[in-house]
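In what follows, a structure is listed as structure tokens, so that the remarks can point back to it.
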Amino acid sequence: MYRKDMHPAAAIFISFDAVAVSGITVEASKMAKNLARHQIKSYLDLGYDIKIDKGKFGKPYDKEYEIYSDIFDLVRIEDIDSLPHYNVDFLTHSHNVLMGRVPPVSSREQEELLLAINESSLRLAHRIVQLWDKLSISYVIVENGTLPENIIYTKALYTAIKIYGECHCLGNFVIWRDHDLMWSSEKNAMKYGAAPYPHAIKPVRSKHITYVTLNNHLKKKLEEWCDYDVEVMVKKNTYDFTEHGRYDSIRENFFIRDSDIVIARTTRIIPQKRLDRDIYLLNRLNQLFSQNDIDRKVFLFVAGDPDENRPYYQELNTLAKKLSVESFIKFVGPLSHKSMLSVGDATTIEDLYYSCDLVSFLTSWDYDSYGNPVGEAISNRRCYITTSYEYYWEVYGQYGFEAPVLKISEENDCLPDEAFVKDLYLLINNRKLMNDIARRNFFIGKRLLSDNSANILDLTCHEERMRDTVVVSVVVPVYNETDRIREVLLSLFNQKTHDGLIAHDGYELIFVDNNSTDDSVDKINTFKFQNRSLDIFLIHESIQGVSSARKRGMDYASVRSKARDSHLGAQKKHYIVSADADCIVDPYWLHALIEKMVEENGDIGTCNYYYNEEAFRNRPNLFREIQKTLRCREVSFSLFGGFPDGKGFAVERTLYDKVGGIEIFYQLSNGRFVEHLSDDWDFGIRVIAEGGKPVYARDSRVEINSRRVDTMLDEVISGTAYGQDGIIIMKDVRPGEEKQWSTLSDTTPAQSQQVWCYSIKDYVPKNIVLPALLNPQILLDDITVRHFFTGPVADCLYQRIHEIMRDSRIIDFKPIHAYKTPAYRLYFEFRDEIFCAMRRAIGDDIGFPPPLPECFDVVKPEDFERFVYYFCEDRESGEAHNYFANGGVF
């Protein structure tokens, strides 16, 4: 059901940390500011009624209001202690018994405990839903909810998410973000017991939830623990690269000259952070300046709470005195980020970064799994130094960031060696090099570390409902299309029509971002803001793959259209259309497609495709082969209606829902399950097999981007453009710096012939044999089909299809690739007749069938049919797949 009262949209953050200001709440505040740019209000439950070991359970909010006044409204479940069993004693006891297994209890006592937890969590779930309804919540962000701090609350959240999502027809409206997990948090103290943590609440598979963690190690652990029933995204912490705001230098407060070097340390003052390394470094660098008679000094500014670990703080002071550098160390106390500052004149972390020359993160090998100071240095255009702590390579090192790195290991967690000291000394004496490194790091970081957390959610579920006049939803999957996206947007926006069939109030655009790392999303949002006459939506699909992205968008369109029909009290005909983010559509593309479907009462409609001849001006041989394939397509699609291609097809919504929508299949590639990229094709098979009527809209034209040929011409020639051995894989066809055929030469006659052979071998089984295989009756009843084949051939083909069905005992060709073996067999057996029909219908230049595989050279004519069967059934070698090639060549 659609909730009109959900406006303005709101998000609620729920923290299991129960700390007023922590790394978790800092990350949450960044995301809240991103949401605010989408006019989404943010609420925060700090978790004072969740976590029981911080001594703040039930603590009223006080100064916390001031801290978050400009970011969050603080909320909590009122009178939560009135719930049965929800009190400190019960929560502590249940945690000790179920997680720590101390004290041991009988099985009966444990069962009673679990029943009490279930009762309390169900009551709490309904309280949570009531709060969300009251606040008109559209998005939920759970922080560290997988840690079994409070099993009742975790169970309640999962129940509330299911109830709320189903009640309000929401899609992906929850981010469940784990910064830390049982196997890496306080593992020495065994706070959460021993693996596999039998009573901890595992993440559940849900269409409403995207699971997020910080690195691949935690992702792997979490997915393994869940028996791979959920998929977890790796989402790095993010930083502000806007360079907005005014910052103050604090150097003059400490009488530090511009020529001196300031190193900033913005970490907690605890042993695991190894600030002794910075003090030792301070000593050595100042010694080198003195030895080289250079009038410069190096200062260390430490922003942290000295009282957090007073003995360690005293230990650092003792070391500083011993090394005679105490006057060069400034302990400035804990600093806030400017975004969380409650007192306007206080010094902030950003002020310190503005004042420093480089940022230090010389942490221990095993302490920090992330390293926010490194990211903050990068976003503030400051150089940094770091150790090669356990996760440095994964989080930063592999991406090309430049910095002096102190090599450490679990066995050798050492002080800075002389090689590191020397490298750093040379760097701080080369101001230009420091600026260049900081600049290069900034631009890498802007691409990798800018905040796009909000894009994980559907930021459109708070949009107004579908217009009453909309009859078409156009779905466009997007992944890193910055070079092409505006041109595509313009072609979709500037659609023309006759008699008002498809005006701006009659269609909408749904872009599905599939984890883009460039500025494609920004360009779509800018275009949307500038062109408000057309409804444009941007949603996100976290699972990588065009199939998942297309499914996400088409499911979203179906849900929206059904919600609109429910509002109107009547079911309207609605068409869901697929388009590609790198293909330009003609001005009458949408009009011609929908007009054809309306006129012929079609359930699934396919478009006409073409390449821009100008892109092949210097490649006439190659263009001729492409045109031959497209001429063949024109004839077969006119005969049979054709099969959908993601570049442009339409389906009527009721048929889309009837067959279950786009189905995601998986295949093995290099030992891993990856998406099988024939979702559009197999979807068409299911629609047609369900009785859906296919139509071909000849005048609905799409220009295919020539890069699909340019980038992979060698593979096109060899017949491996989209994989081999039965594996169909999507390849990145965006031209890179490597040489492109388009700038070199045309195909030779021999290469052109090879291109044609693979193209036609891929085309015939799919586009001529398969339509007859799926619906043999067409060979008897359709006059145009019988004319194409000739009556005797159509009769023989009809008979042979039924013989193969009986012999193979296949009665349903809808399952993925169930059609391949029989389609291949029929091609071999009827290839001469089919090519004869094609020469008659298309032209003599279609020629004759490509040569048979060499293995047939020794097969006797009377054994041909039998050995065709063996060849096509030989799935282990993949010879048949490779002979016919994989994926459409053109």
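Rank the residues 199, 591 as a footprinting-exposure proxy: fewest other Cβ atoms within 10 Å of their Cβ go first. Numbers along the way, then the final one.
On the way: 199 18, 591 23.
If I rank by nearby Cβ atoms, fewest first, I get 199, 591.
Work through the residues other than residue 769 whose Cβ is under 13 Å from its Cβ and net out their charges, Lys, Arg +1 and Asp, Glu -1.
Numbers: positive: 761, 766, 800, 820, 825, 831; negative: 762, 829, 833.
Summing Lys/Arg as +1 and Asp/Glu as -1 gives +3.
Between residue 227 and residue 618, how high is the FRET efficiency from 1/(1 + (r/R0)^6) when r is the Cβ-Cβ distance and R₀ = 60 Å? Nearest 0.05. Working shown, then result.
Values: r = 55 Å, r/R0 = 0.92.
E(calc), rounded to 0.05, equals 0.60.
What GluC sites (Glu not before Pro) in region 267-330 are in a loop by DSSP, with at most 10 other Cβ atoms within 10 Å of the Cβ?
none
Tell me the label-point distance for the pair residue 257, residue 663, using the 7 Å Cα-to-Cβ offset, in nm and rounded to one decimal.
7.7
How long are the three semi-axes of the equivalent ellipsoid for region 252-449, computed from the Cα gyration tensor as the root of 5 times each eigenvalue, in whole Å, largest first? Numbers along the way, then the final one.
On the way: eigenvalues 95, 84, 76 Å².
Working through the eigenvalues yields semi-axes of 22, 20, 20 Å.
Cα-Cα over 28 Å: which of 528/766; 297/321; 162/221? Don't skip to the end; give the middle numbers.
Details: 528/766 39 Å; 297/321 17 Å; 162/221 25 Å.
From 528/766; 297/321; 162/221, over 28 Å: 528/766.
Would you pull out the residues with amide H under 5 Å of residue 330's amide H, same chain only if 5 or more places away, H placed 1.01 Å from N?
300, 301, 302
Rounded to the nearest 20 Debye, what is the dipole magnitude of region 252-449 about its Cα centre when Lys and Arg each give +1 and Asp and Glu each give -1 at the C-beta? If you can, show how the numbers build up before the last one.
Numbers: 24 positive and 29 negative charges, 112 e Å.
For this selection, approximately 540 debye.
Give the cross-link partners of residue 51 among the aspartates and glutamates, using a straight C-alpha distance below 13 Å as the criterion and excluding same-chain residues fewer than 8 apart.
Hits, sequence-local ones excluded: 17, 89, 143, 149.
Residue by residue through region 574-580, what is 3J(HN,Hα) from phi via Karplus (6.51 cos²θ - 1.76 cosθ + 1.60, θ = phi - 60°)? Round to whole Hz and write x for glycine and proline.
Running phi through 6.51 cos²θ - 1.76 cosθ + 1.60 with θ = phi - 60° gives 9, 10, 9, 10, 9, 9, 10 Hz.
Please compare each pair in 551/596; 30/54; 273/432; 30/562; 446/496 to a cut-off of 32 Å on the Cα-Cα distance and tell me which ones are over it.
Details: 551/596 24 Å; 30/54 24 Å; 273/432 30 Å; 30/562 35 Å; 446/496 39 Å.
The pairs that break the limit, which is 32 Å between Cα atoms, are 30/562; 446/496.
Please give the contour-minus-distance gain from residue 699 to residue 865: 0.36 nm per residue of separation, less the Cα-Cα distance, rounded to one decimal in nm. Numbers along the way, then the final one.
On the way: separation 166, 0.36 × 166 = 59.76 nm, distance 4.10 nm.
Full extension from residue 699 to residue 865 adds 55.7 nm.
Please identify which residues in region 231-273 have an amide N closer than 11 Å to a label point set 7 Å out from the Cα of residue 296, following the Cα→Cβ vector.
So the set is 259-262.
Can you compute 3J(HN,Hα) from phi for each residue in region 477-485, using the Karplus curve 6.51 cos²θ - 1.76 cosθ + 1.60 with θ = phi - 60°, rounded to whole Hz and x for Gly and Pro?
Each residue of region 477-485 in turn: x, 9, 9, 6, 10, 4, 6, 10, 5 Hz.
Each residue of region 762-776 in order: what ³J(HN,Hα) in whole Hz does its phi give by Karplus 6.51 cos²θ - 1.76 cosθ + 1.60, θ = phi - 60°, with x for Gly and Pro?
The phi angles translate into 6, 6, 4, x, 7, 9, 10, 6, 4, x, 6, 5, 6, 9, x Hz.
Which order do the peptides 509-522, 480-493 come out in when sorted by mean C-beta neighbours inside 10 angstrom, highest first?
On the way: 509-522: 20.7, 480-493: 18.0.
Answer by packing, highest mean first, reads 509-522, 480-493.
Taking only the alpha-carbon positions of region 752-884 and ignoring solvent, what does the Debye formula give for the base-10 log of I(q)/I(0) at q = 0.15, 0.18, 0.23 Å⁻¹?
Each listed q maps to, in turn, -0.74, -1.09, -1.64.
So, R0 is 51 Å and r is the distance between the beta-carbons of residue 314 and residue 73; what FRET efficiency does that work out to, to 0.05? List each step's numbers first, then the result.
Values: r = 41 Å, r/R0 = 0.81.
According to the calculation, E is roughly 0.80.
What residues qualify as long-range amide H neighbours of residue 535, i.e. H under 5 Å apart, gap of 5 or more or another chain, H built at 1.01 Å from N?
HN-HN under 5 Å from residue 535: 509.
For residue 596, what charge total do you get from the other residues with a beta carbon under 13 Å from its beta carbon, if Lys and Arg give +1 and Asp and Glu give -1?
Net charge around residue 596: -3.
Measuring from the lowest to the highest alpha carbon on each principal axis, how far does the chain reach, largest first, in angstroms?
Projected onto the principal axes, the Cα atoms of the chain cover 101, 70, 58 Å.
Taking a spot 7 Å from the Cα of residue 418 along the direction of its beta carbon, which residues of region 283-301 have an amide N less than 20 Å from it?
Flagged as within label range: 283-294.
Between region 270-324 and region 74-140, what is the C-alpha centre distance in whole Å?
47
Against the 2.2 N^0.38 Å scaling, with N counting residues, where does region 4-234 land? I'd like the Cα-based Rg ratio to two decimal places. Please list the in-between numbers first.
Details: Rg = 17.1 Å, N = 231, 2.2 N^0.38 = 17.4 Å.
Dividing the Cα Rg of region 4-234 by 2.2 N^0.38 Å gives 0.99.
Could you work out the local net charge near residue 308, counting Lys and Arg as +1, Asp and Glu as -1, over the other residues with Cβ closer than 11 Å to its Cβ?
Numbers: positive: 268, 273, 310; negative: 305, 307.
Once all neighbours under 11 Å are counted, the net charge is +1.
Normalised radius of gyration for region 456-594, please: alpha carbon Rg relative to 2.2 N^0.38 Å, two decimal places.
Relative to the rule-of-thumb radius for its length, region 456-594 sits at 0.99.
Magnitude of the Cβ-charge dipole of region 111-173, K/R +1 and D/E -1, about the Cα centre, nearest 20 debye?
On the way: 5 positive and 7 negative charges, 48 e Å.
Roughly 220 debye, rounded to the nearest 20.
Around residue 406, which amide H atoms from residues at least 5 apart in sequence, or from another chain, sit under 5 Å from its own amide H, with H modelled in the peptide plane?
386, 387, 388
Given a Förster distance of 51 angstrom, what is the FRET efficiency for residue 795 paired with residue 565, based on the Cβ-Cβ distance and rounded to 0.05?
Details: r = 46 Å, r/R0 = 0.90.
Calculated value: 0.65.
Bin width 10 Å, alpha-carbon pairs only: give the P(r) of region 158-317 as whole percents, running from 0 to the bin holding the largest distance.
Pairs per bin, as whole percents: 8, 21, 23, 20, 16, 9, 2, 0.
Would you calculate, for the chain, the mean residue ellipticity at 222 nm contributed by helices, counting each DSSP H stretch of 4 or more residues as -39,500 (n - 2.57) and dividing by all residues, to the nearest 500?
On the way: 30 runs with 353 residues, N = 890.
The per-residue figure over the chain is -12000 deg cm²/dmol.
Quick check: pseudo-label points 7 Å beyond the Cα along Cα→Cβ at residue 429 and residue 366, how many nm apart are they?
Taking the two extended label points, one gets 3.9 nm.
Taking Cα centroids, how far is region 360-411 from region 522-550 in Å?
Between the Cα centre of region 360-411 and that of region 522-550, the gap is 35 Å.
With the Cα gyration tensor of region 204-282 giving a ≥ b ≥ c as the square roots of its eigenvalues, does the rule (a/c under 1.5 for rounded; else a/b larger than b/c for prolate; else oblate) give rounded, prolate or oblate? Could the numbers behind the result be given before it?
On the way: a/c = 4.88, a/b = 2.14, b/c = 2.28.
Note, shape of region 204-282 comes out oblate.
We did not get these values from a lab; they are worked out from the coordinates using the rules stated. Everything quoted here is computed from the prediction, not taken from an experiment. In this analysis, Cβ positions are derived from the backbone assuming ideal geometry, glycine residues included, and neighbour counts consider all displayed protein chains.
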